[in-house]
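Structure first, then comments.
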Amino acid sequence: MEQSSLCDDLGRKVRYLRVSITDRCNLRCLYCQSNRLSRYIPHDDILKYEEILRLLHILVPLGVEKVRLTGGEPLARKGCGEFLGRLREHFPNLDLRLTTNGTMLSGSLQDLVQCKINAVNISLDTFDPETFTKVTGRDMLPRVLSTIDALVDAGIKVKINAVLMPGITQASLEQFIHLAQDLDIDVRFIEFMPMGQDTIWSKDAFCPWSEILALVTKNYELIPEKNVDLTAGPAQMFKFKGAPGRLGFISPITNHFCYTCNRLRLTSDGSLRLCLYDDHEYPVRPLLRDAYVTDEQIAAKILEVLRKKTLGVGLLERRGQNKPVAVRNMSGIGG
Ligand code: SF4
């Protein structure tokens, strides 16, 4: 395994880049997008696919081994499927992933198969059509469920990202358990993070991972799994006896994983976001668009700013009472 020279002052090595290719999304999830969000990033400020490709040719030799395309909704951007194909062409060994809301897959399934995508994460928080419409603002649950079936039938690894909110989506817990018992799918419950303005984050809408685990283990036996992959995400994974799927818990609020953080984010308007919770962003778009700036100079700049990567948990602890930890909405960051 290549030594990553993308290292911060805490000695954490970056191996995983999350690339937001658009801030646009066809859904309005209560925990992501503010309903007031009307102004999108101007088209000219959005990084071109060529610019993202150039940046990856700088970052992969420095140690990036895993790239996830996110949004907004990445499939809302024209050419997303083809771009995945180009990424595979340029980086045959890259661990390539996509996070989608599962409502816009049609027409891109073949692209995902051909680029041999390593996994697709689908955001799904409920199996109840009314609750789905309430949470996302759109009546599209059947489309998401058929996307899951289509991906599984195509042999693509599927992971579900579910935000269980008491009194809103938590009632679907049993159905998520059954999904992992029936299919070779990873269902991961993510703690609701206080990110962005005007989302419905509150203590009442928050459920710690330990409570969900307790609810599951009341009726089901779970076998913990050891995480050995250095590029792996922070999920704590569990298997059911004799079932194909797994359950996972991602606990950024009550059991953070900042000391082993291996990720960097590229926003759709071309800034490096060193930590999800840190609104200080470092623009690389101007460097990419300056004909006199070389790849070596961009690499040096990235290594310089990366040293400033903070421990997000500190920001979380220092935020004001009931205040968001970061102002920028998830849709502009890619989660
Ligand atoms: S909060 Fe920041 S430092 Fe912590 S795991 Fe997330 S990105 Fe990494």
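The values are calculated or read from the model by the stated rules, or taken from the named source; none is laboratory data. From a predicted model like this one, the values you see are computed outputs, not experimental measurements. Quick reminder, even Gly has a Cβ in these numbers, built from the backbone with ideal geometry, and neighbours come from all protein chains shown. Note: areas computed on protein heavy atoms with side chains; ligands, DNA, RNA excluded. Shrake-Rupley method; radii C 1.70, N 1.55, O 1.52, S 1.80 Å.
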Which numbered condition residue 226 misses (of (1) at pLDDT below 95; (2) closer than 30 Å to residue 115 by Cα; (3) surrounded by 15 or more Cβ atoms within 10 Å (Cβ to Cβ)): (3)
Considering residues of region 90-131 that are in a helix (DSSP H, G or I) and closer than 20 Å to residue 150 by Cα only, the residue least open to solvent (accessible area, probe 1.4 Å): 112
Does region 63-89 hold any residues that are under 14 Å from residue 109 (Cα atoms) and open to solvent by less than 10 Å² (accessible area, probe 1.4 Å), and which are they? 74, 80, 81, 83, 84
Subset of region 233-260, residues in a loop (DSSP other than H, G, I, E, B) and within 14 Å of the ligand (Cβ to nearest atom), comes to 233, 234, 235, 251, 252, 253, 254, 255, 256, 257
Show the residue pairs meeting these rules: Cβ distance below 8 Å; 6+ apart or different chains; first residue within region 305-317 and under 15 Å from residue 263 (Cβ atoms); second residue part of a helix (DSSP H, G or I) and more than 7 Å from the ligand (Cβ to nearest atom). 311/259
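Considering each residue of region 299-335, count those that are open to solvent by 80 Å² or more (accessible area, probe 1.4 Å) and either touching a helix residue (DSSP H, G or I) at 6+ places or on another chain (Cβ under 7 Å) or away from the ligand (no atom under 15 Å from the Cβ) (or both), and give that number. Show your work before the answer.
Pass one, region 299-335, residues open to solvent by 80 Å² or more (accessible area, probe 1.4 Å): 301, 304, 307-308, 317-318, 321-323.
Then drop every residue that is not either touching a helix residue (DSSP H, G or I) at 6+ places or on another chain (Cβ under 7 Å) or away from the ligand (no atom under 15 Å from the Cβ) (or both), which leaves 301, 304, 321-323.
Residues meeting the conditions: 5.
When you check residue 273 against the structure, is it open to solvent by less than 20 Å² (accessible area, probe 1.4 Å), modelled with pLDDT of 95 or more, within 15 Å of residue 23 (Cβ to Cβ) and in contact with a helix residue (DSSP H, G or I) (Cβ under 8 Å, 6 or more places away or on another chain), yes or no?
Answer is yes for this residue.
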I'm told residue 268 meets every condition in (1) surrounded by 21 or more Cβ atoms within 10 Å (Cβ to Cβ); (2) within 14 Å of the ligand (Cβ to nearest atom) except one. Can you identify the failing condition by its number? (2)
Taking region 261-302, which residues are farther than 21 Å from residue 327 by Cα, free of Cβ contacts under 8 Å to residues at least 24 places away in the same chain and either touching a Phe, Trp or Tyr at 6+ places or on another chain (Cβ under 9 Å) or in a strand (DSSP E or B) (or both)? 301
Testing residue 279 on (1) open to solvent by 20 Å² or more (accessible area, probe 1.4 Å); (2) over 17 Å from residue 23 (Cα atoms); (3) within 16 Å of the ligand (Cβ to nearest atom), one condition comes back false. Which one is that? (2)
(1) touching a strand residue (DSSP E or B) at 6+ places or on another chain (Cβ under 7 Å); (2) open to solvent by 20 Å² or more (accessible area, probe 1.4 Å); (3) more than 16 Å from the ligand (Cβ to nearest atom): which one isn't true of residue 296, the others all being true? (1)
